[in-house]
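Below is one structure, written out as structure tokens; comments come after it.
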Amino acid sequence: MSLAISIDDVRSAAEQIKGVAVRTPLIENIRLNELAGGRVFVKPECLQHTGSFKFRGAYNRLSRLSEEEKKRGVLAFSSGNHAQGVARAAQLLGVSATIVMPEDAPTLKLEATRGYGADVVLYDRYKEDREEVAHRVAGDSGVIVVPPYNDPHIMAGQGTSALEAAEDLKALGLTPDQALVCCGGGGLASGSFTVYGDLFPGMQGYAVEPEEFDDVKRSLETGEIQSVDFGARSICDALLTPSPGALTFPVLQKNGVKGLTISDDEARAAVGFAARFLKLIAEPGGAAALAAVLAGKIETAGKTTVCIISGGNIDPALLRDCLSDI
């Protein structure tokens, strides 16, 4: 079976977003290495435009629209980070954007999305299906729907973060033993492990999810796409997707990715650690991979580990709570 993307697609995306997206650094921290008993490299996509990796895929997708498609505008559905990425990319490209967002999305994300000039349509994530809402809003307008992860250009764009990390590791003469990627629908994970699987074929990959949203983990274990219970809850709002994508899941399977889960308390601890020791602002979902390292979900002693902080769009009140737990 052919996969939705290859490393050549990721390299093409890297050229497409070059000079527009931020090339974020690869950070190593003494305190984190001491706790891990090995070397841990953190890719801080919280420093990316709009505060998350989502800008990469959004710009890669929107910048490839034809002039006729740009006139029709775009529509996306998102809990916040994809919303902001699409809104900012659309703003840069002069494209109108409408975003379907859950009514309980963090205020910070709602305000930021509107601040980039997008129209926001709210829905109840626990009673309505966001894709159905999006298609209802789109109607017969001809607007271009930009999904958050189940799109080849989105997947390839997200993979550029791993391509940068791989280039930096190779420049250091290092071959990582393992990489951990925060995972919702699998756009970032599929793009990342497309890169890591090609450039570091012996490396083990892990997709990290909240405990109540372990659909990717269960899907990888059973070999079939699994879904999350409709009543599941987590503070990791960036990762609350119902199931892996039809395009993203086969990529994770092909690359032998394994699933890990973290609790809300472990996510809070990782947010606090990132702020205190890494001097980085992370949101709970964005800190999931770091949380798995800190909580000892995998063996890190004597190994070289790569993990991403995928986003930093956290409400100030929640950040205060995470810091008060330290």
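Think of a 1.4 Å ball rolled over the protein heavy atoms: segment 36-146 then has 39 Å² of accessible area per residue. Take the cross-link list Lys54/Lys258; Lys18/Lys170; Lys109/Lys217; Lys18/Lys70; Lys70/Lys170 and give me the ones stretching past 30 Å between alpha-carbons. Long pairs (Cα-Cα over 30 Å): Lys70/Lys170. For segment 169-326, the relative contact order comes to 27 percent (Cα pairs under 8 Å, sequence separation of at least 6).
Under the classification rounded if a/c is under 1.5, otherwise prolate if a/b is larger than b/c and oblate if not, where does segment 98-147 fall, given a ≥ b ≥ c as square roots of the Cα gyration tensor eigenvalues? Note, shape of segment 98-147 comes out oblate. For the pair Arg31 and Thr107, label points projected 7 Å from Cα toward Cβ lie 2.9 nm apart. With each label modelled as a point 7 angstrom along the Cα→C-beta vector, the Lys258-Asp321 pair spans 3.2 nm. In the context of the full set of protein chains, segment 182-326 has a per residue accessible area of 36 Å² (1.4 Å probe). Here the translational diffusion coefficient of segment 203-326 follows from Stokes-Einstein with Rh set to the Kirkwood radius across Cα pairs; for 20 °C and 1.002 mPa s it amounts to 144 µm²/s. Length gained on full extension, Glu224 to Leu174: 14.5 nm, using 0.36 nm per residue less the C-alpha separation. Restricting attention to the chain, close to 10% of DSSP beta bridges with both partner residues there are antiparallel. Available extension along the chain between Ala246 and Ser6 is 84.8 nm, counting 0.36 nm per residue and deducting the alpha carbon span.
Considering all different alpha carbon pairs of segment 130-245, the Kirkwood hydrodynamic radius works out to 15.7 Å.
Note that the chain shows a convex hull volume over its alpha carbon atoms of 120 Å³ per residue. Net charge dipole, the chain: roughly 880 debye, given to the nearest 20, about the Cα centre with Cβ charges of +1 for Lys and Arg and -1 for Asp and Glu.
The mean sequence separation of alpha-carbon pairs under 8 Å and at least six residues apart, normalised by the residue count of the chain, gives a relative contact order of 22 percent.
Quick one: pull the percent of accessible area on the chain belonging to carbon and sulfur, 1.4 Å probe, ligands and nucleic acids left out. Its accessible area is 47 percent carbon and sulfur atoms.
Which shape class applies to segment 16-126: rounded if a/c is under 1.5, otherwise prolate when a/b exceeds b/c and oblate if not, where a ≥ b ≥ c are the square roots of the Cα gyration tensor eigenvalues? It comes out oblate by the Cα gyration axes.
The values are calculated or read from the model by the stated rules, or taken from the named source; none is laboratory data. The structure presented is a predicted model; accordingly, all values stated were derived computationally and were not measured. Cβ coordinates were reconstructed from backbone atoms using ideal geometry, including for glycine residues, and neighbour counts include every protein chain displayed. For the accessible areas, the whole protein counts, side chains as well, though only heavy atoms, and no ligand, DNA or RNA atoms are used. Shrake-Rupley method; radii C 1.70, N 1.55, O 1.52, S 1.80 Å.
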